[in-house]
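S.K.: Pasting a structure here, questions to come.
Nothing in this text is a laboratory measurement; each read-out follows from the coordinates by a stated rule. Owing to the predicted nature of the structure, the values given are computational and were not obtained by experimental measurement. Glycine also receives a Cβ, built like all others from the backbone with ideal geometry; neighbour counts cover every protein chain displayed.
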Amino acid sequence: MTRSNWDTLLLRIGFVALLGIIAGFFQPFGLSHFVAAAGGVLLGLAINALELRVRQARLTSIVGACLGSLLGGLIGLLFVSLLNPALFVADQTAQFFRLLVPLLGGFLGLLVGLAKSDLIDLSALGLFSKTVNTESSNLKLLDTSVLIDGRIADIADTGFLDGELVIPEFVLHELQLVADSSDSAKRNRGRRGLDIVSRLQKTNGITVQVTPLDFPAVREVDLKLIEAAKVRRAKIVTNDFNLNKLAQVQGLAVLNINELANALRPVVLPGESMRVFISKEGKEPNQGVAYLDDGTMVVVDNARRHISRTLDVTVTSVLQTTAGKMIFGRYDERGHHPPETRTAAAGSPSGG
């Protein structure tokens, strides 16, 4: 424990002890010294617990809760001022309602303000713009497709993913609809997405927030995600091509899992040699087709007669397309190969 942590702990203990001493000395409600002191200690512990919980809350949540509580309390006081004491049987009942109504209004306002805090844009105030930008720059909004895909959980396990992951409730609702589908394939995909959410919540170093933020006027989930990303100033994590393009057109940052997978594929240069398993014939005469472990297609000239065999081929060119990378190579039937050999997983046992 660092020195600052020790100092904070000592301050907390001193605060709790001070409340206990004050309560024991003044004996509120006619309590004995011991009972009053114990009550003061419990009150101090409760205040410390509340402070720890508030410290973890976002700034927008704190502002929303305070504004909601203030407005609710003012409405309650306004309502109490209109009450006629003659309507009550006893003065104590009137006093009770005069105290209860503002408290009830403040509590309800606090809950409503906390629930709608995502709609607050503190950057409009100017003073909080820097804080909000720093806070929201690490927010990552997950869509349905990336949860069903599941690779986001593997990336989180590696520790390369930081910040806070945000999953809107409307995304979970869509996953639930898919999981309840009568089609077995869709049902399995939906259940996989829900399992990935649970796995992310248990991953160390990752904070997963399920937000009730919604846009009832918007019907499509992709458009809801875009609106949510604008409100939360978050990056959208997806592998949906259409959502990716739509979000980029509107100036939003997008993290595409497919693009990340393409970027992590091994670099192959023309002239290098690699070992591949020829799985089928190609479209052109005398061509064979192989696949790397990551799914990259390798088109090999002079390999049509060697289907179901493992060959050492020379890379002639590499083509990068929107769908991924394609590698073109040539098999030298004379058995001449470059001295440098790169072994690429063939996906099948070696053949003669």
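S.K.: Multiplying the sequence separation of ARG305 and VAL318 by 0.36 nm and subtracting their Cα-Cα distance, what value in nm do you get?
M.R.: Separation in residues times 0.36 nm, less the Cα-Cα distance, equals 2.4 nm.
S.K.: Here is a follow-up. Amide H of THR211 versus every other amide H placed in the peptide plane: which residues, excluding those fewer than 5 positions away on the same chain, fall under 5 Å?
M.R.: Amide H to amide H, under 5 Å and 5 or more residues apart or across chains, THR211 pairs with ILE167, GLU169.
S.K.: Once you list every other residue whose beta carbon is under 12 Å from the beta carbon of ILE47, what net charge do they have if Lys and Arg are +1 and Asp and Glu are -1?
M.R.: +1
S.K.: Can I ask one more? Using the count of nearby Cβ atoms within 10 Å as a rough guide to exposure, how do THR207, THR158, THR60 rank from fewest to most?
M.R.: Lowest count first: THR158, THR207, THR60.
S.K.: How do ASP214, ASP180 line up, fewest other C-beta atoms within 10 Å first?
M.R.: Fewest-to-most Cβ neighbours within 10 Å comes out as ASP180, ASP214.
S.K.: Which lysines, on any chain, are close to LYS230 with Cα under 26 Å apart, when same-chain ones fewer than 8 places away are left out?
M.R.: List returned: LYS116, LYS130, LYS140, LYS245.
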